[in-house]
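Report on the structure given below.
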Amino acid sequence: MTWIWFLLIGALAGWLAGRIMRGRGFGILGNIIVGIIGGFLGGWLFGLIGLEAKASFMGSLVTATVGAVFAIWVVRLISR
């Protein structure tokens, strides 16, 4: 059951990040991948500035979305 939540949060975070960064998303598999990478990046970024998201659905979603937005921003910055 944990893996299902992990994938669901990854998909939602990837989709939200795609919408925030003025895109249409990346398809279901792309959203999951971007969201999972975002989860790791978000956790790392929050740790750098001393923030901690509680182990809840919303905390995980916010952390993964922030990380996914950051990942998309970096990729777009590099690809220019």
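With an 8 Å Cα cut-off and a minimum separation of 6 or more residues, compute the relative contact order for the chain in percent.
Values: 130 pairs, mean separation 27.6, N = 80.
Normalised by residue count, the contact order of the chain is 34 percent.
Label point of A55 set 7 angstrom out along Cα-Cβ; within the stretch 3-24, amide nitrogens under 15 Å from it belong to 3, 5-6.
I need the peptides 47-53, 64-70 ranked by packing, meaning the mean over residues of other C-beta atoms within 10 angstrom, with the highest value on top.
Numbers: 47-53: 9.9, 64-70: 24.4.
Put in order of decreasing packing, that is 64-70, 47-53.
Just so you know, all these numbers are worked out from the coordinates, no wet-lab data involved. Every value quoted in this text rests on a predicted model; they were computed, and no experiment measured them. Quick reminder, even Gly has a Cβ in these numbers, built from the backbone with ideal geometry, and neighbours come from all protein chains shown.
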